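Undergrad: Got a structure here, written out as structure tokens. Questions coming.
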There are 2 protein chains.
Amino acid sequence: MSLLLDGPRRYSDLRRVIDGISPRMLTLTLRGLERDGLVLRKVTPTTPPKVDYSLTQVGRTLSGQVSELIGWAEQHYAYISDSRRRYDEKG
Amino acid sequence: MSLLLDGPRRYSDLRRVIDGISPRMLTLTLRGLERDGLVLRKVTPTTPPKVDYSLTQVGRTLSGQVSELIGWAEQHYAYISDSRRRYDEKG
DNA sequence: CGGCATCCTTCCGGATACTG
DNA sequence: CAGTATCCGGAAGGATGCCG
């Protein structure tokens with residue numbers, strides 16, 4: 001979702017950025033977001049076809065919270081990794 | 001997580017509030033949060049035993065973002081439901 | 001290019017029964 | 001009370017192949 005903040009992205013672009021994701025999962029995820037009205041799917045029926053994904057108005061209202069969540073995760077990543085290691089090693 | 005903001009809660013309390021959750025899932029969830037260092041599990045070995053769950057210092061730093069997310073969800077619940085209904089009905 | 005259909009394996013998570 | 005143990009059905013999701 002936060003990947004779409006800078007504007008529309010094509011399917012293949014998203015696949016490249018979200019490294020390792022299968023086409024199936026990417027499509028399912030995008031379709032879910034589209035169904036929820038957070039992402040807009042715009043098909044241009046040329047050859048080769050072109051599909052742009054962008055945030056809807058409402059989708060953009062979520063971007064702040066998502067960014068904050070990402071920020072939190074980055075800030076506390078080391079702490080959580082440490083906590084897990086300690087938990088797994090003894091108890 | 002947001003349930004723990006007001007202070008420690010006992011296992012059975014959480015089970016009552018999160019209605020319908022199985023003991024297995026509640027334990028797994030709490031154990032995951034404990035492993036990540038977000039929740040503290042404090043056992044008092046009396047009869048009957050007593051276990052209190054509370055947020056750690058770091059766990060509390062996440063509460064703001066969680067609250068905002070909940071707020072967003074409540075605010076846009078109707079929109080999303082509508083979007084889904086329209087999506088499922090035609091396309 | 002941007003998918004969908006299908007197969008197949010994994011594992012999530014509910015139900016139930018039992019314990020310190 | 002606060003879990004653990006076990007069984008089990010169904011869903012999640014990777015791999016592969018095909019299509020407009």
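Undergrad: Applying the selection to region A:1-41, what residues are acidic (Asp, Glu) and open to solvent by less than 70 Å² (accessible area, probe 1.4 Å)?
TA: Result: A:13, A:34, A:36.
Undergrad: Only residues that are open to solvent by 40 Å² or more (accessible area, probe 1.4 Å), without any contact (Cβ under 8 Å) to a residue 24 or more places away in the chain and in contact with a strand residue (DSSP E or B) (Cβ under 6 Å, 6 or more places away or on another chain): list them for region A:42-72, please.
TA: A:43, A:44
Undergrad: For region B:80-91, which positions are open to solvent by less than 80 Å² (accessible area, probe 1.4 Å) and either at the interface with chain A (Cβ under 7 Å from one of its Cβ atoms) or touching a residue at least 24 places away in the same chain (Cβ under 8 Å) (or both)?
TA: Within region B:80-91, B:80, B:83, B:87 meet the criteria.
Undergrad: Just one of B:13, B:19 is charged (D, E, K, R) and within 13 Å of DNA strand C (Cβ to nearest atom); which is it?
TA: Being charged (D, E, K, R) and within 13 Å of DNA strand C (Cβ to nearest atom) holds for just one of B:13, B:19, which is B:19.
The values are calculated or read from the model by the stated rules, or taken from the named source; none is laboratory data. Note that this is a predicted model, so its numbers are computed, not measured. In this analysis, Cβ positions are derived from the backbone assuming ideal geometry, glycine residues included, and neighbour counts consider all displayed protein chains. Ligands, DNA and RNA are excluded from the accessible area calculation, which covers all protein heavy atoms including side chains. Shrake-Rupley method; radii C 1.70, N 1.55, O 1.52, S 1.80 Å.
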